[in-house]
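Below is one structure; the comments refer to it alone.
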Amino acid sequence: MCNRFNAVLVLAVYSQKQSLRVRERKKSCHKEDIAGITKEIESVKDSYNKSLETHKIELQKKFESYKYIKELCNSIDKELLRKLVVCKKEMENDFRTGRDNDDYGSCEPSIKSLYDYLKSYDVRYKHNENVKLIFKHYEKIEGLNESFDGSFDEPFDKPKYIEELGRIHSYVDRLIAEFLPKWHYKIFCVNGK
């Protein structure tokens, strides 16, 4: 019986050791699996972060490009607005002095400057109806000036000239209204009155 007991005891100890070895192997495999999975996750995270950073850089470049274009367009529009205001003032002065002295034409350089500016940025402004009309009527004024070569054989068509200036003046006003921001205001009353 002692032999049996010893055999059972040896078998139990052996079985226990085997069981412990299997558990240790499992733990070891489990640790290796976790390490492998962790390594894979870190690799995916790293790849994602690199991709995200590249995308951020591309978006930043696009943003800077659009910002530059916007600033450039604003600068072009600002200069156009300045030319429109100068042209409007000179045309109004020309109308005032022309009525008094029957002498028109001092505003032509500013109209030509506006015309040239609009032509140089034709791509930006060519779709605007007022710009098209300024082109059309300025070219009519140029035609009037060319037909009158300075000789007194052909009389200068002053009414037509004044009419064309008036039209250009109205288109300049409309363009100014388009480019200036609308100003909305409310009158606030004291004590609800």
(request) Give, as a single signed number, the net charge of other residues whose beta carbon lies under 9 Å from the beta carbon of LEU133, with Lys and Arg counted +1 and Asp and Glu -1. (result) +3
(message) How far apart, in nanometres, would the label points at GLU79 and ILE37 be if each is projected 7 angstrom from Cα along the Cα-to-Cβ direction?
(response) 6.5 nm
(message) Whole-Hz ³J(HN,Hα) for each residue in the range 69-78, computed from phi via Karplus 6.51 cos²θ - 1.76 cosθ + 1.60 with θ = phi - 60°, x for glycine and proline: what do you get?
(response) 4, 4, 5, 5, 4, 4, 5, 5, 5, 5
(request) May I ask you to order 168-177, 61-70 by the average number of other C-beta atoms within 10 Å around their residues, highest value first? (result) 168-177, 61-70
(message) Students often get this wrong, so check it: of LYS89/LYS126; LYS62/LYS126; LYS83/LYS160; LYS62/LYS88; LYS132/LYS158, which have C-alpha atoms separated by over 29 Å?
(response) LYS62/LYS88
(request) Could you tell me the accessible area of LEU133 in Å² (1.4 Å probe, neighbours in place), rounded to the nearest ten? (result) 40 Å²
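The values are calculated or read from the model by the stated rules, or taken from the named source; none is laboratory data. Here the structure is a predicted model, which is why all the values come from computation and not from measurement. Quick reminder, even Gly has a Cβ in these numbers, built from the backbone with ideal geometry, and neighbours come from all protein chains shown. We work out accessible area using only protein heavy atoms, side chains counted, and drop any ligands, DNA or RNA first. Shrake-Rupley method; radii C 1.70, N 1.55, O 1.52, S 1.80 Å.
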